[in-house]
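Since every read-out is calculated from the coordinates, none of them should be taken as a lab result. What you are looking at is a predicted structure, and each value in this text was computed from that prediction instead of being measured. Note that each Cβ is placed from the backbone with ideal geometry, even for glycine, and that neighbours are counted across all protein chains shown.
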Amino acid sequence: MQELFKLSPDNIPLIKKASITAAEAFMDDPSTLYSIPDEGKRANLHYAFEYYIRTSIARGAEVYLTSANCEGVAIWFYSEARSPYGLLSRIGNPLLPLRCGWRFILGSMYEYRLTDRIKKLYAPRPYEYLALLAVNPVNQKKGYASALLNPMLKKADEQRLPCYLETQNMKNVKMYNYFGFEVVYETSMPKSNLPEFMMLRRQVSSFKPVHDRIWELAFPYQDKRNDTGHAEVTLHFARILQALEKGDEDVIVPAIMLHDIGWSQVPDRMLVFDRNASKEDRKRVVTSHQQYSVELARPILEKVGYSPALIEEILEIISQHDTRKGFISKNDGLVRDADKLWRVSKRGVAAAINRGKKDIKEPFRFPGHGGNRKGYYYSESAKRIDSKEIEDRKRETGSNEQ
Ligand SMILES: [Fe+2]
Ligand SMILES: [Fe+2]
């Protein structure tokens, strides 16, 4: 594939051409149909892209075209460069509301605010941000998307940088998966079913093989309390927290994978959710699941050849992950933060409701209060993720309860 063409700020004819390419690529996108319902105004979409491309270049973005024919265009921002596309840029052009409608402008502003917050939460800096990828429909499926993505992904790999993007189109999620991006956050635009996916391509694109092996060995013991997804969701939070707070991957990842496998060995494990159960009984099952987790985890870690020092550190964390007062280390804090975030996650709340919480708002109460309690979370990142998750759960259920 040929070299990419880097767009310079003074190349007005090509900026215009790139804007038309982007507008054609997004013309039938669900987000465009939603934000510009009027067909006549939709024909003006290229003005919005022209403005976007110009402000992006002015703000330090790198804009690449497949060639001077402009089959496709990509915009990349380096997180430590100037702010990527501030709020004002969305309304900075006085003609845009006229051309594309206020619904588009206000929708863009809302989306910007939402995604900017999530980006701060989920993208460990520094990173490369893919702000736009567009291939003209007549040129799609010809390898132009790969041609636009691969050079920057290669550069990011060489510099050990993660890459981040947002998309509102489910179809694109699959394509980005192929390039190593994973969905780290999913939400929807207000008063619509339009999804918004935030995707991260980690600097190390997947798990270390040894961690894959631990996951496989632990898998048969996971999620035994009608809490499908607990292992996966807590692992997801743990990896985010590990990256944001610079914890030790070799401790945090196995510890979170193995922390709850002991529940599989506790016959009366559901008692922990029974409000009529005595405090002593609840304490008994919680303590024994921790012990069983340690007993099951040790041979797994030994089998994959983990070092004795790391095994001890991991087992120490697991041995009191639900009962310890205070935190013994950063790794301990981050593992337990990830575990607690389950309660406010989409699947965690769904599991609580499935277990019979009658009041749909009820699951928010404890984690909401817990999250605000001093010493509940170890890290600031976990606190921020907690409030964002609660905000989303409330929005999803239409609850305004504090
Ligand atoms: Fe546990
Ligand atoms: Fe857990």
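Things to note:
- For TRP102, TRP215, order by how many other beta-carbon atoms lie within 10 Å, fewest first: TRP102, TRP215
- Cross-link reach list, lysines versus LYS155, counting only Cα pairs under 16 Å and skipping chain neighbours closer than eight places: LYS6
- Footprinting exposure proxy for HIS211, HIS289 (fewest neighbouring C-beta atoms within 10 Å first): HIS211, HIS289
- Contour minus Cα-Cα distance for SER329 and LEU95 (0.36 nm per residue): 78.7 nm
- Cα-projected label distance for ASN193 with LYS346, points at 7 Å along beta-carbon direction, nm: 1.4 nm
- Shape summary: region 52-173 maps onto an equivalent ellipsoid whose semi-axes, from the alpha-carbon gyration tensor, are 23, 20, 14 Å in decreasing order.
- Considering only PRO308, PRO124, PRO97, the mean-square fluctuation computed in a Gaussian network model of the chain, springs between alpha carbons under 10 angstrom, is largest for PRO308.
- Enclosed volume per residue, in Å³, of the convex hull spanned by Cα atoms of the chain: 153 Å³
- Highest-fluctuation residue, ALA123, ALA18, ALA156 considered, GNM on the chain with Cα pairs under 10 Å: ALA156
- Listed pairs LYS246/LYS340; LYS154/LYS330; LYS16/LYS141; LYS283/LYS325 exceeding 21 Å between Cα atoms: LYS154/LYS330; LYS16/LYS141
- Annotation for ASP274 and GLU391: the two label points, set 7 Å from Cα along the Cα-Cβ direction, are 4.0 nm apart.
- Computed from Cα positions, the angle between helix 308-319 and the longest principal axis of the chain comes to roughly 80 degrees.
- Against the chain, whose longest principal axis is taken from its Cα atoms, helix 249-258 shows a tilt of about 60°.
- Chain lengthening between ARG373 and ILE12 when straightened (0.36 nm per residue, less Cα-Cα): 124.5 nm
- In the chain, Cα pairs under 8 Å separated by at least six residues give a relative contact order of 12 percent.
- The chain: most fluctuating residue of GLU313, GLU389, GLU158 per GNM, C-alpha cutoff 10 Å: GLU158
- Were the residues from ARG117 through ARG355 laid out at 0.36 nm apart, the gain over their Cα-Cα distance would be 82.5 nm.
- Going from the residue with the fewest nearby Cβ atoms within 10 Å to the one with the most, SER319, SER345 rank SER319, SER345.
- Note on region 209-397: with charges restricted to the Cβ of Lys and Arg (+1) and Asp and Glu (-1), its dipole about the Cα centre is near 1000 debye.
- Farthest towards the positive end of the charge dipole of region 183-234, among the residues PHE207, PRO220, THR187, is the Cα of PHE207, using unit charges on the Cβ of Lys, Arg, Asp and Glu.
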